[in-house]
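Structure first, then comments.
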Amino acid sequence: RGGGMSVTREGTVTLGPKWELVADTGEQFIWELASDRNCTVYIGQSIEGRVYALKSGSSTPTLIFDAEEETKIFSVVTGPDGALYAGTSPNGLIYRIVLGKPAEVFCKTGDLHVWSLLWLQGKLYAATGGEQGRILKVAKNNAEVVYQSQDPNVISLASGNDGSLYAGTDQNGLIYKVSASGSVSVFYDSGEKEVHAIAVSKQGMFYATRL
């Protein structure tokens, strides 16, 4: 156990949350976490392109997928079909993983990085980048461009309570809103370089982390 104190970037010391180590993958970096209906946590690792599973009540993660030629797993999400979807770099692939079966390449996005994955109203969306950031609607072997940003990367995705999709970019730090009808507009200009993560509460409060 640890924590208890936090230091802001302005140097202010405040009370902070406690933390507890629940598992150790032995890897140097963990980029993304996701969970399923059985409370299994899936861990995306960003050096060797591996995914681990941590079952509820266990402290020992199990390696369930190694992307081999892909060196980074930047995004993991569980689908309504019970499968796990993992987005990779540097070849911009999306894998579909079912435990006990060989993983399959679900889609080749055509981009370098798949930064974020999100299921919204039964559809899989991907935030990609490398040269030009895009929001994609993904199906098996097909990637439909929802929006192409002027920024090199779309980093983060979140869903709104009204069915809208929100996407944060890298370079200009913008948050785009894609309405349920498909129209796209700038929802917020953070004034920072990157909007790394987005979340919307049940009450409609909007949260974003910036870099």
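The values are calculated or read from the model by the stated rules, or taken from the named source; none is laboratory data. Note that the structure is predicted; figures quoted are calculated from it, not measured. We place every Cβ from the backbone using ideal geometry, glycine too, and count neighbours over all the protein chains shown. Surface accessibility is based on the protein's heavy atoms, side chains included, excluding ligands, DNA and RNA. Shrake-Rupley method; radii C 1.70, N 1.55, O 1.52, S 1.80 Å.
Pairs are defined by a Cβ separation below 6 Å, a sequence spacing of at least 6 or placement on different chains, a first member in the range 154-166 that is under 18 Å from G122 (Cβ atoms) and part of a loop (DSSP other than H, G, I, E, B), and a second member that is open to solvent by 10 Å² or more (accessible area, probe 1.4 Å) and polar (S, T, N, Q); the pairs so defined are S164/S179.
The rows are residues; the columns are (1) under 25 Å from N141 (Cα atoms); (2) in contact with a Cys (Cβ under 7 Å, 6 or more places away or on another chain); (3) open to solvent by less than 50 Å² (accessible area, probe 1.4 Å).
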| site | (1), (2), (3) |
| --- | --- |
| D24 | no, no, no |
| S46 | yes, no, yes |
| F65 | yes, no, yes |
| E70 | yes, no, yes |
| A86 | yes, no, yes |
| P90 | yes, no, no |
| L99 | yes, no, no |
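When S181 is tested against (1) surrounded by 14 or more Cβ atoms within 10 Å (Cβ to Cβ); (2) part of a loop (DSSP other than H, G, I, E, B); (3) not basic (K, R), just one condition goes unmet, and that condition is (1). Flag: E70 does not match the condition of being part of a strand (DSSP E or B), among the charged types (D, E, K, R) and touching a Ser or Thr at 6+ places or on another chain (Cβ under 7 Å). Restricting attention to the range 26-44 and to residues that are small (G, A, S) and in a strand (DSSP E or B), the residue that is surrounded by the fewest Cβ atoms within 10 Å (Cβ to Cβ) turns out to be S35.
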